[in-house]
1. Let me spell out the model: positive unit charges on the Cβ of Lys and Arg, negative unit charges on the Cβ of Asp and Glu, origin at the Cα centre of the chain. What dipole size does that give, in debye rounded to 20?
2. What is the ratio of the Cα radius of gyration of the chain to 2.2 N^0.38 Å, with N the residue count, to two decimals?
3. Counting only DSSP beta bridges with both residues in the chain, tell me the antiparallel percent, nearest 5.
4. Calculate what fraction, in whole %, of the accessible area of segment 195-311 sits on carbon and sulfur atoms when a 1.4 Å probe is rolled over the protein chains.
5. Can you pull out the GluC sites (Glu not before Pro) in segment 47-121 whose DSSP state is coil and whose Cβ has at most 15 other Cβ atoms within 10 Å?
6. Between Leu49 and Leu330, what FRET efficiency follows from the Cβ-Cβ distance if R0 is 56 Å, with the result rounded to 0.05?
7. State, to one decimal in nm², a quarter of the convex hull surface area for the C-alpha atoms of segment 109-212, i.e. the direction-averaged projected area.
8. Counting only residues 5 or more places away or on other chains, whose amide H sits under 5 Å from the amide H of Ala179 once H atoms are built in the peptide plane?
Amino acid sequence: MSFERDLVAPDAEGDERLIEAALRPKRLDEFIGQARVREQLSLVLQSALRRNRPPDHVLMSGGPGLGKTTLSMIIATELSVPLRITSGPALERAGDLAAILSTLSEGEVLFIDEIHRMARPAEEMLYLAMEDFRVDIVVGKGPGATAIPLEVAPFTLVGATTRAGLLPAPLRDRFGFVAHMDFYEVAELEQVLHRSSRLLGLELPGDAAHEIAGRSRGTPRIANRLLRRVRDFAEVRSGGVVTRDVASAALNLYEVDAEGLDRLDRAVLGALLRKFGGGPVGLSTLAVAVGEEPETVEVVAEPFLVRQGLLARTPRGRVATAAAWLHLGLTPPPDAFGASMIVDLEDDPGPV
Ligand SMILES: Nc1ncnc2c1ncn2[C@@H]1O[C@H](COP(=O)(O)OP(=O)(O)OP(=O)(O)O)[C@@H](O)[C@H]1O
């Protein structure tokens, strides 16, 4: 069983990417929510434009689908400069990065998605490029190896990461501005939905938008995806008319519940409760129990379950809260809430 293409998985593939591109806000003032980040970024960009210099490097941290790629595109548009897009896993060798850096034009924005997954040699090359706008190309091997310095046009690096804690301090410190992207409020997601439905030529009443937004786990990408499923449902079953009941029926059909939990979330919670009596249980064991990679459970399901107060990450493993038993309509065993519930690590303890 795989949940990879699940309706509420916050990543996107294939056609999804194309539709997403069409729905992306193009300018900073079209970007909904994240008021603080928008204001901070607007100042950084305006002052750079006034000085006629590239702005400081920008790091964006936050979960998948919160708008990091969109913001990087907006940065380039607002500065009227080209944008080059790559990702950490694509930069395996220093040469991969050197090839990009050496062809950047003056002022260009270089967006590195998943920057925490960049290989070490590329990372070290990036330090120098970010600071001094030069790289050292090493030619030859062993004692005869020589470093040839190469100038890089002044550029702005925009790094995005879902795991800011994994970034080495020397890299993190070289960003002049760090934007923390939060989950969106329901009201903000309603605005995202109204904007998208206008672009899709779909009439969306306020209460239907509210219904969809409430099930979108604070993530615009998920809101847009649920909207498209509601549109499909409406086209086939209700003559294209979307009402709150139609939205609700569509999302029930796709197994997205009233709180936005999907099959993966319910599978994780269900395994935690039914197989492990509510925990504590280690991440890897839990992932095996639901037939998923630990990273999928940790990055896709857990942050939302923790945020909803359904699951706690403790030093001894994952533990279900009383609300989790209630949510799945199960009765906890009498000793379910022992001492392990008391310490909840705010910080990601990693696989335990
Ligand atoms: N603030 C916003 N206002 C309107 N739409 C948004 C906003 N943020 C994101 N979106 C929509 O959500 C979709 C996903 O955004 P984006 O690709 O920028 O997320 P991301 O954080 O870069 O995700 P990932 O890290 O998985 O690539 C985009 O198609 C965009 O239309």
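The values are calculated or read from the model by the stated rules, or taken from the named source; none is laboratory data. Predicted model only: the values in this text are computed from it and were never measured. Note that we place each Cβ from the backbone using ideal geometry, even for glycine, and neighbour counts take in every protein chain shown. Quick note on the areas: whole protein, heavy atoms, side chains included, nothing else; ligands and nucleic acids left out. Shrake-Rupley method; radii C 1.70, N 1.55, O 1.52, S 1.80 Å.
1. Details: 39 positive and 50 negative charges, 36 e Å.
That gives the chain a dipole magnitude of about 180 debye.
2. 1.11
3. Values: 11 of 28 bridges.
In the chain, approximately 40 percent of DSSP beta bridges are antiparallel ones.
4. Details: 2240 of 4540 Å².
Carbon with sulfur: 49 percent of the solvent-accessible area.
5. Numbers: sites: Glu78, Glu92, Glu106, Glu108, Glu114; in loops: Glu92, Glu106, Glu108, Glu114.
Those satisfying the criteria are Glu92, Glu106.
6. Calculated transfer efficiency: 0.45.
7. Numbers: hull surface 40.5 nm².
Average projection, Cα convex hull of segment 109-212: 10.1 nm².
8. Sorted by chain and number, the residues that satisfy this are Leu59, Met60, Ser61.
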